[in-house]
Amino acid sequence: MFSLAMLAAILAAASPPAERRVVITIDDLPAVSVAGEGVAADLAMTEKLLAALRQSGAPAIGFVNEGKLAPAGGLPEPDRVALLERWVEAGMDLGNHTYSHPDLHRIPLDDFEKEVERGDDVTRGLLAARGRALRYFRHPFLHTGRDLATKTGLEKFLSARGYTIAPVTHDNGEWIFATAYAKAGRRGDAAVLRKIAEAYVPYMEAKFDYFERESRSLFSREIPQILLIHANSLNADSFERLAAMMKRRGYTFVTLDEALKDPAYLSPDTYTGPGGITWLHRWALTRGGKALVLPDEPQVPGFVLELAGVDGE
């Protein structure tokens, strides 16, 4: 039985040289906070994550939940808005991830559309002040609708509001690693923090191998990958190693604009199931059903699931 670290090493050695491209997209800005840490900790995390992004040369885009700017209700708090300002000052792009991260599969479309509208006031202003426009939307939970009427209705609404949907091809259980990491951090357990961090990058590399193979299966080539991670302490502490792994696999970092020029992203997507799944899976299901979805997708190690207190990815 191979460990994830051993598997990642084997996959990296076996991977043929390729000119690969990847977009770094980061959800749930300004931060996925740990209870009780406060704005100062979020600022420290933000600065560390942005420094790692700049060092890697990755032009990331962060997707904002504006409700996090006013956790007590009322108007956005200036020190929390300042966290978003750090992103635009660093040259990163911002997108809309709704106001409070609701689930489209649990609320009416009209209510969800109000969440989209409410979720872009501050972000739009921050970008406009620098001559930039708010252009991209990311679905919470990657839930795009349980029926075609809802799915297409939201797509029309977003288009009319000037949004392009930001798809994902590399979804993963990073949030589970991050939950376990945050819990260990609260306990001050350095040994567990190190164990989680050491498992994280090999797991993500195994996922890259999987989605590269799925891309080749569907398109006979590798399309630009769009990676989903979150604004949290795990990535602030680990992004340099994550970026080094991607570069070792032959990836260069590109913008979402550039990636979406690839014609693969015009592929039909009629998926309306319950899952929040990657667009590679959506295209496979649309084209030929479950038979086109590659088996044996890597899973989060059991010890991480246990530490996070979740049942599965």
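The values are calculated or read from the model by the stated rules, or taken from the named source; none is laboratory data. Values in this document were obtained by computation on a predicted structure and should not be read as measured data. Counting neighbours? That spans all protein chains shown, and the Cβs are built from the backbone with ideal geometry, glycine included. The accessibility values were calculated without ligands, DNA or RNA, using every heavy atom of the protein model including side chains. Shrake-Rupley method; radii C 1.70, N 1.55, O 1.52, S 1.80 Å.
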The range 74-98-the range 103-165 distance, computed between alpha-carbon centres (Å): 17
Restricting to Cα pairs below 8 Å that are 6+ residues apart, what does the relative contact order work out to for the chain? Please round to a whole percent. 28
Accessible area per residue, Å², the range 65-123 with all protein chains present, probe 1.4 Å: 44
Out of His230, Pro202, Thr169, whose Cα points farthest toward the positive end of the dipole of the range 161-231 (charges: +1 Lys, Arg; -1 Asp, Glu; placed on Cβ)? His230
Using the Cα centre as the reference, give the magnitude of the dipole from point charges on the C-beta atoms of the range 68-218 (Lys, Arg: +1; Asp, Glu: -1; all else neutral), rounded to the nearest 20 debye. 160
If each of Phe219 and Thr270 carries a label point 7 Å out from its Cα toward its Cβ, how far apart are those two points in nm? 2.2
Return, ordered by residue number, the residues of the range 219-243 whose backbone nitrogen is under 15 Å from a label point located 7 Å along Cα→Cβ of Val310. 228-235
Expected-Rg normalisation [2.2 N^0.38 Å, Cα atoms] applied to the chain: 0.97
Hey, what D do you get for the range 111-183 in µm²/s if you plug the Kirkwood alpha-carbon radius into Stokes-Einstein at 4 °C and 1.567 mPa s? 90
Compactness check, the range 88-229: C-alpha Rg relative to the 2.2 N^0.38 Å globular estimate gives 1.26
For the range 208-301, accessible area per residue (1.4 Å probe, heavy atoms of protein chains only), Å²: 40
Surface per residue (accessible, 1.4 Å probe) for the range 142-207, Å²: 39
What FRET efficiency, computed as 1/(1 + (r/R0)^6) with R0 = 30 Å and r the Cβ-Cβ distance, is obtained for Thr164 and Asp296, rounded to the nearest 0.05? 0.40
Estimated [θ] at 222 nm from DSSP helical runs (n ≥ 4, -39500 (n - 2.57)) normalised by residues in the chain, nearest 500: -15500 deg cm²/dmol
Determine the share of the chain's accessible area contributed by carbon and sulfur atoms, expressed in whole percent, with a 1.4 angstrom probe. 55
Tell me the trypsin sites (Lys or Arg not before Pro) within the range 125-155 that lie in a loop according to DSSP and have at most 13 other beta-carbon atoms within 10 Å. Arg130, Arg132
What is the dipole size for the range 65-114, taken about its Cα centre, with +1 at each Lys and Arg Cβ and -1 at each Asp and Glu Cβ, in debye to the nearest 20? 120
